[in-house]
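The values are calculated or read from the model by the stated rules, or taken from the named source; none is laboratory data. From a predicted model like this one, the values you see are computed outputs, not experimental measurements. Reconstructed Cβ throughout: ideal geometry from the backbone, glycine too, with neighbour counts over all protein chains shown. To get the accessible areas, we keep the full protein, side chains included, count just its heavy atoms, and leave off ligands, DNA and RNA. Shrake-Rupley method; radii C 1.70, N 1.55, O 1.52, S 1.80 Å.
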Amino acid sequence: MPCQGTVVGTTGFNGWLYTPGLSGAAPVWTLPRTAAGPFPGTYYVFQGNAQVGDNGNSNTTWPITVIAEAATGVVNSATCGKLGGNISWKLFNLTPRLPGLQFLADANLTGDANATAGVGLFLAGDKVDLNTSSAVINGAVIASNTCAAQGPNTVQGVTINFSDDVESPLKDVIRTTLWLEYPVG
């Protein structure tokens with residue numbers, strides 16, 4: 001099935017605001033709590049960072065999935081050659097739009113204030129850093145830890161209600177081979 005979407009460039013879209021990256025920093029797409037909406041969808045940040053929420057609690061639950069891809073090949077050992085690909089989550093209530101996936105950060109996934117999320121996966125390519133006094137996540141939190149320079153994963157003050165039946169839309173093809181030997185005769 002072909003993907004349908006909107007090419008946005010560097011202008012705001014569905015409540016998201018764009019801030020260009022300066023002096024070697026990645027650009028940032030921010031979804032502030034004051035954004036009109038909700039605007040359901042899967043939002044893909046190409047070679048930049050996504051910030052979901054800001055100061056002040058959002059009273060609305062947004063049905064969104066956020067994916068952030070990093071630029072690679074950047075000379076920076078602290079990020080293992082990545083620029084961007086981070087998702088930060090603060091004071092914003094969510095439920096996945098793409099079934100089974102809430103956040104997919106190519107680099108780091110951070111959260112630092114009260115927020116809740118529907119059932120889904122929270123995935124990070126490098127590390128997870130969730131520190132708050134009361135956030136609730138349903139599903140699973142997974143970090144690949146591909147960049148040791150980013151440091152250890154931390155989860156503090158977050159209630160994670162593990163769901164073993166959540167299905168991710170991201171999958172590999174698994175090939176199996178059946179070998180049968182029939183006796184001669």
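Please express the Cα-Cα pair-distance distribution P(r) of the range 7-153 as a list of whole percents, one per 5 Å bin, running from 0 to the bin with the greatest distance.
2, 10, 20, 25, 21, 14, 7, 1, 0
Leaving out ligands, DNA and RNA, what percent of the accessible area of the range 1-146 is carbon and sulfur, probe 1.4 Å?
55 percent
Output the peptides 88-96, 71-79, 139-147, 27-35 sorted from most to least packed, where packing is the average of other Cβ atoms within 10 Å over each peptide's residues.
So the order, starting with the most tightly packed, is 88-96, 27-35, 139-147, 71-79.
Give me the Debye-computed log₁₀ of I(q)/I(0) at q = 0.14, 0.29, 0.31 Å⁻¹ for the range 45-89, equal point scatterers on Cα only, no solvent, two decimals.
-0.43, -1.01, -1.08
What net charge is computed for the residues neighbouring Asn145, neighbours being all others with C-beta under 15 Å from the C-beta of Asn145, Lys and Arg scored +1, Asp and Glu -1?
-1
Using a probe radius of 1.4 Å on heavy atoms only, what accessible surface per residue do you get for the range 58-152? Whole Å² is fine.
Here the residues of the range 58-152 average 38 Å² of exposed surface.
Tell me which residues come under 5 Å, amide H to amide H, from Val45 once H is placed; ignore anything under 5 positions away on its chain.
HN-HN under 5 Å from Val45: Ile67, Ala68, Glu69.
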